[in-house]
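Take a look at the following structure, please.
Computed from the coordinates by the stated procedures, all read-outs in this text should not be read as laboratory data. Note that this is a predicted model, so its numbers are computed, not measured. Glycine gets a Cβ as well: all are built from the backbone with ideal geometry, and neighbour counts include every protein chain shown.
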Amino acid sequence: MTRVGVISDTHGLLRPEALAFLAGADHIVHGGDIGGADVLATLARIAPVTAVRGNNDHGAWAAAIPESAEVAIGGVALYVVHDVAELRHAPPPARCRVVVSGHSHKPGIVERDGLLYVNPGSAGPRRFRLPIAVAELAIDGADVRARIVELPVARVA
């Protein structure tokens, strides 16, 4: 069984709760709006990282980060893009089984047309009343299961 930690929209804030959740992951996928190279460096100390550039990732540190990425983990191909709406212009390769995105800050898991769409929500600064969340993929051969985990962080009034 391979455990993939999925995180997005950190906007430069790596919460200790998110790091604790990601501990022990075999691979980490970041869905963009990273917020700085230090975020990726910290995640890379936990596990190999696949990351995409979000609409708020600018500057020299972000130039080498792709807008989309494909990675095969176990027997499952993942396609990563920050904004799932971009798939209208460039759909994922046919071999992909999972699409990971971010951008909306709304966590969700939906299976549609043979693709599993996973948005972990935002693990960074709280936006509106949306939860602070991450996700995980459990990959066993060609089988993949996804779950969202809301992080236990205090709400600030």
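Across the stretch 105-132, what is the total count of residues that are in a loop (DSSP other than H, G, I, E, B) and either at negative phi or among the charged types (D, E, K, R) (or both)?
Counting residues in the stretch 105-132 that are in a loop (DSSP other than H, G, I, E, B) and either at negative phi or among the charged types (D, E, K, R) (or both) gives 12.
From the set of residues in the stretch 102-125 that are closer than 13 Å to A18 by Cβ and over 11 Å from the mean Cα position of the chain (by Cα), which is surrounded by the most Cβ atoms within 10 Å (Cβ to Cβ)?
The qualifying residue surrounded by the most Cβ atoms within 10 Å (Cβ to Cβ) is G124.
Kindly indicate the residue of the stretch 75-99 that is among the charged types (D, E, K, R) and in a loop (DSSP other than H, G, I, E, B) and also surrounded by the fewest Cβ atoms within 10 Å (Cβ to Cβ) among those meeting that condition.
Restricting to residues being among the charged types (D, E, K, R) and in a loop (DSSP other than H, G, I, E, B), the top hit is R95.
Which of the residues spanning the stretch 1-33 are within 25 Å of G74 (Cα to Cα) and β-branched (V, I, T)?
T2, V4, V6, I7, I28, V29
Of the residues G5, G102, which single one is under 21 Å from L130 (Cα atoms), in contact (Cβ under 8 Å) with a residue 24 or more places away in the chain and assigned to a loop (DSSP other than H, G, I, E, B)?
After ruling out the rest, the residue left standing is G102.
Still on this structure, please answer the following. Only residues that are in a loop (DSSP other than H, G, I, E, B), farther than 16 Å from G121 by Cβ and small (G, A, S): list them for the stretch 36-68, please.
The answer is G36, A47, G59, A63, A64.
Can you name the condition, by its number, that R145 falls short on among (1) part of a loop (DSSP other than H, G, I, E, B); (2) under 24 Å from L19 (Cα atoms); (3) without any contact (Cβ under 8 Å) to a residue 60 or more places away in the chain; (4) not aliphatic (A, V, I, L, M)?
(1)
Based on this model, can you work out whether D33 counts as outside any strand (DSSP E or B), buried (at least 21 other Cβ atoms within 10 Å of the Cβ) and in contact with a Ser or Thr (Cβ under 6 Å, 6 or more places away or on another chain)?
no
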